[in-house]
Amino acid sequence: MKADRNQMETKIVRLSEGNNDDKALFEAGEILKKGGLVAFPTETVYGLGGDALNPDSSKKIYAAKGRPSDNPLIVHLYRTEDLYRVAKEVPEKALRLAEAFWPGPLTMILPKSDLVPKETTGGLDTVAVRLPSHVGARKMIEYAGGFVAAPSANLSGKPSPTLAKYVIEDMQGRVDMILDDGEVGIGLESTIVDLTVDPPQVLRPGYITKEMLTEVLGRVENDATLFSVSGKTAPRAPGMKYRHYAPKGDLVIVRGESERVAAFVNEKLREARRAGEKTGVIAAQETSSLYDADVVKTIGKRRDEEVIAKRLYGILREFDDENVGKIFSESFGEESDEKGGLGQAIMNRLLKAAGHQVIEV
Ligand code: TXA
Ligand code: MG
């Protein structure tokens, strides 16, 4: 990254309990209206906001993230009726989903209106839209004029930020303001559902599961690449093709019965150590004592998916900070179509972090 992008002054404001800190949110809105950038909390992960209707703001977002500009941004609203302004057509399915899940962690892909510049949609004729449930975020969007484009507030290639601390690490000197609301609620990005195809397709799994969407819409499919082990087919959400969420170290997922996984991983850890590598393991609380690595990260109880989801990105960042070169992870979540819950989202992100490297033992 160019050093000059790190020169700007970033105002950091801690939001008050309940996000009723109107003054800071109002100021953030003013900055956005003038074409500036504000990193802000949402219920999923922190976002890096700019005015979605201003092409220059979108260009600034790409520059601040170091992100390729063919990777479209999500337009954040504060009220459902604004769907009609950003989408050319609002199918009945979109209204049913909005009714069921907005405000909340669901992003819909729709044909875009002329109001939304192509700079915001990465050149596409479709637009991603979401109405977050985070109260402070919604107030800020309203003060900003109603349409805030925001990718996750991480530098490209790093995990999405789940703590303000990570936003500050990545974005200080690159944005005008950072709104600090501590730890986010969910920790994985919103579910993305494409309503421009029939049946609708989940392009990115999240807290709103395919099963929940199916209950409202009847039939929903997964993008076929979401849980691929080889990772060879290109996903349909442009951003999902980049090797996101990747730790600097080499990460491999090991699947199987827990004692066998531990025996296999410990053998590999010995080899890596002999080769002079610092080693790490991501394990469930139930099995973390079985591993003999330099750094063992306990992600949570195996069944406590909400905790696992919230911890995952932070753990990946910690490995980077600790310069761990070789990482093994137990398998988490449930990638099968039958099971719902956060498991699918966890597995999808873990697979991506591992560059789809999985060993069955
Ligand atoms: O939870 C979230 O969605 C967070 C918070 C900040 O709201 N935002 C977020 O944005 O995760 P980002 O930019 O990191 O991820 C957006 C994803 C990318 O994979 C992008 O390719 C996809 O959405 N996307 C955006 N517009 C699209 C479109 N028109 N068609 C297909 N995929 C699209
Ligand atoms: Mg992102």
TODO: Just give me the residues in region 279-296 being part of a helix (DSSP H, G or I) and either over 29 Å from the mean Cα position of the chain (by Cα) or modelled with pLDDT under 95 (or both), in sequence order.
DONE: Ser289, Leu290
- [ ] Inspect all residues belonging to region 108-126 and state whether any of them is in contact with a strand residue (DSSP E or B) (Cβ under 7 Å, 6 or more places away or on another chain), within 14 Å of Gly49 (Cβ to Cβ) and within 14 Å of ligand 1 (Cβ to nearest atom).
- [x] yes
Open item on the list: It is to be established whether one or more residues within region 216-227 are within 16 Å of ligand 2 (Cβ to nearest atom), in contact with a helix residue (DSSP H, G or I) (Cβ under 7 Å, 6 or more places away or on another chain) and closer than 30 Å to Gly36 by Cα.
Closed with: no
- [ ] Go through region 169-212 and count every residue that is surrounded by 18 or more Cβ atoms within 10 Å (Cβ to Cβ) and under 14 Å from Ala64 (Cα atoms).
- [x] 7
Open item on the list: Exactly one condition in (1) touching a residue at least 60 places away in the same chain (Cβ under 8 Å); (2) within 11 Å of ligand 1 (Cβ to nearest atom) is false for Leu179; which is it?
Closed with: (2)
- [ ] Output the residue which, of all residues in region 46-86 that are acidic (Asp, Glu) and modelled with pLDDT of 95 or more, is farthest from ligand 1 (Cβ to nearest atom).
- [x] Glu81
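Each row is one residue, and each column tells you yes or no for (1) of a type in the set (D, E, K, R); (2) under 15 Å from Ile178 (Cβ atoms); (3) more than 23 Å from the chain's Cα centre (by Cα).
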position	(1), (2), (3)
Val13	no, yes, no
Ala24	no, yes, yes
Val38	no, yes, no
Val45	no, yes, no
Ser58	no, no, no
Ala64	no, yes, no
Arg67	yes, no, no
Ile74	no, no, no
Arg79	yes, no, no
- [ ] Give the residue that is surrounded by the most Cβ atoms within 10 Å (Cβ to Cβ), with candidates limited to residues of region 229-278 that are modelled with pLDDT under 75 and more than 16 Å from ligand 1 (Cβ to nearest atom).
- [x] Val229
- [ ] Note down all Cβ pairs under 7 Å where the first residue falls in region 97-116 and is aliphatic (A, V, I, L, M), the second is surrounded by fewer than 21 Cβ atoms within 10 Å (Cβ to Cβ) and part of a strand (DSSP E or B), and they're at least six residues apart or on different chains.
- [x] Ile109/Thr126; Leu110/Thr126
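If you check Leu53 against the conditions, is it more than 14 Å from ligand 2 (Cβ to nearest atom) and touching a residue at least 40 places away in the same chain (Cβ under 8 Å)? Before the answer, list the steps.
Details: more than 14 Å from ligand 2 (Cβ to nearest atom): yes; touching a residue at least 40 places away in the same chain (Cβ under 8 Å): yes.
When the stated conditions are applied, Leu53 passes them.
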Open item on the list: Take Tyr207 and tell me if it is of a type outside the set (D, E, K, R), more than 11 Å from ligand 1 (Cβ to nearest atom) and not in a strand (DSSP E or B).
Closed with: no
- [ ] Can you tell me which residue within region 127-156, out of those that are under 17 Å from Leu37 (Cβ atoms) and under 15 Å from the mean Cα position of the chain (by Cα), is farthest from ligand 1 (Cβ to nearest atom)?
- [x] Leu155
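The values are calculated or read from the model by the stated rules, or taken from the named source; none is laboratory data. Quantities reported herein were computed from a predicted structural model and do not represent experimental measurements. Reconstructed Cβ throughout: ideal geometry from the backbone, glycine too, with neighbour counts over all protein chains shown.
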